[in-house]
1. Between the DSSP loop rule and a limit of at most 12 other Cβ atoms within 10 Å, which trypsin sites (Lys or Arg not before Pro) in segment 322-365 are left?
2. Just to be sure I follow: if Rg is taken over the C-alpha atoms of segment 159-272 and Rh is the Kirkwood radius over the same atoms, what is Rg/Rh?
3. With both partners inside segment 62-210, how many of the DSSP beta bridges are antiparallel, as a percent to the nearest 5?
4. Just in segment 304-372: which GluC sites (Glu not before Pro) are loop by DSSP and have at most 13 other Cβ atoms within 10 Å?
5. If you build a Gaussian network model of the chain, linking Cα atoms that sit under 10 Å apart, which residue out of Met307, Met347, Met188 swings the most?
6. At 20 °C and 1.002 mPa s, grab the translational diffusion coefficient of segment 278-390 from Stokes-Einstein with a Kirkwood Rh over Cα pairs, rounded to a whole number in µm² per second.
7. Taking the chain as a Gaussian network, where each spring joins two C-alpha atoms under 10 Å apart, which residue of Leu39, Leu326, Leu220 fluctuates the most?
8. Counting only Cα, what are the radius of gyration and maximum Cα-Cα distance Dmax of the chain, in Å?
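The values are calculated or read from the model by the stated rules, or taken from the named source; none is laboratory data. None of the values given here were measured: they were computed from a predicted structure. So basically every Cβ, Gly included, is an ideal-geometry build from the backbone, and we count neighbours across all protein chains shown. Note: areas computed on protein heavy atoms with side chains; ligands, DNA, RNA excluded. Shrake-Rupley method; radii C 1.70, N 1.55, O 1.52, S 1.80 Å.
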Amino acid sequence: MFKTVFFTFLFIVSTVFTLSAYANDAKRAIAVGAEQFTLYLPQLKNKRVGLVVNQTSLVEQTHLVDSLLAKNINISKIFAPEHGFRGDHDAGAHVKNAVDSKTGIALISIYGKNKKPSAKVLSDVDVIIFDIQDVGVRFYTYISSMHYMMEAAAEQGVEFIVLDRPNPNISHIDGPILEPEFKSFVGMHPIPVLHGMTVGELANMIKGEGWINQAHDLKLNVIPIAGYTRTTPYSLPVKPSPNLPNDQSIALYPSLCFFEATPISIGRGTDFAFQVMGYSPVALGDFSFTPRSIKGAALNPKFKNQMVKGIDLRESDTTGLNLNYLINAYRQLTQAKLVFFERADFMDKLAGTDKLRLAIEAGQSAEEIKQSWQAALEQFKQQRAPYLLY
């Protein structure tokens with residue numbers, strides 16, 4: 001009896017340690033670019049380094065800034081994108097130049113009026129490192145900031161290093177290709193809404209396709225993700241911006257962001273932003289919620305302190321680009337004689353074309369609309385092929 005219990009105990013302990021080791025191995029299976037110091041530290045030796053980073057720029061549990069300082073790298077400037085260096089600014093909120101209180105390093109905003117640093121700002125920078133977690137959607141502005149930083153680097157003869165990170169939406173290629181006349185900070189490249197590329201792959205494409213000034217002059221180096229494939233699951237360890245708090249919001253973001261151009265709330269001012277839809281006085285569904293002011297995420301959300309009724313998508317299995325949410329809400333509001341596309345110009349910038357909005361207004365189905373851009377998507381897949389790393 002004692003022997004049986006003893007061996008059962010040993011089996012349980014062994015199983016626990018095996019599962020623990022398996023979990024640790026799974027974590028170690030991927031090494032993001034920032035973790036692979038041997039591949040890029042030699043390029044930083046005796047150089048003045050500028051960093052394009054935010055709260056997602058972690059090497060395991062340590063920020064890249066602290067990791068590089070510990071290795072005696074000379075960091076001359078930190079460039080802060082939308083949402084700021086700490087990721088605590090509302091969407092669209094002005095990001096100011098400042099000094100990092102922890103390190104004393106100058107913080108330069110690249111969101112707002114000065115999206116591309118001047119020659120003067122880069123006069124004490126020899127190499128720029130870009131290390132920010134993206135979500136693989138064209139209108140998510142971190143890739144627009146990367147564009148301008150790449151261009152500035154090319155113009156000023158500064159080296160540019162991208163420390164690559166996984167794309168949580170990498171398996172999806174969908175949406176209209178951006179048309180040149182609709183280019184803006186929420187869409188700068190002729191790529192679909194869901195482009196299925198990492199920032200490293202996209203950087204290669206931006207240079208290779210000549211989408212920035214003096215692209216041929218840019219000395220670009222992408223540090224790829226070790227152990228990563230296009231089917232590798234990856235849950236983001238840090239929320240990439242204040243209103244994308246979890247994997248579900250990131251999966252729904254491509255479909256729900258279009259509602260920013262409408263009067264519909266998509267949960268800003270709640271703990272489940274980009275996971276719900278709501279409106280008043282028209283009820284979009286039976287689920288009710290009340291947006292509130294949240295510092296650093298949504299100071300003045302739509303319907304602040306007002307109850308709205310709509311749809312709870314927190315348990316939905318939505319992935320990719322689902323147009324039915326947009327089409328159904330459009331029909332509900334127009335049937336009530338209400339304006340849906342209140343910011344038609346912004347809708348067209350998000351879509352990269354006016355054809356999506358016009359098709360919805362014309363009563364086309366999601367299937368008909370998606371079919372209209374399939375030929376362009378096939379061409380894009382061929383165009384991007386030389387730049388893929390995984």
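1. Answer in residue order: Lys337.
2. Numbers: Rg = 15.9 Å, Rh = 16.2 Å.
Here Rg/Rh amounts to 0.99.
3. Details: 5 of 13 bridges.
Counting only bridges with both partners in segment 62-210, antiparallel ones make up about 40 percent.
4. On the way: sites: Glu315, Glu342, Glu361, Glu367, Glu368; in loops: Glu315, Glu342.
Hits after loop and neighbour filter: Glu315, Glu342.
5. Looking only at Met307, Met347, Met188, the biggest GNM fluctuation is shown by Met307.
6. Using the Kirkwood radius from Cα pairs, D works out to 127 µm²/s.
7. Leu39
8. 22.8, 80
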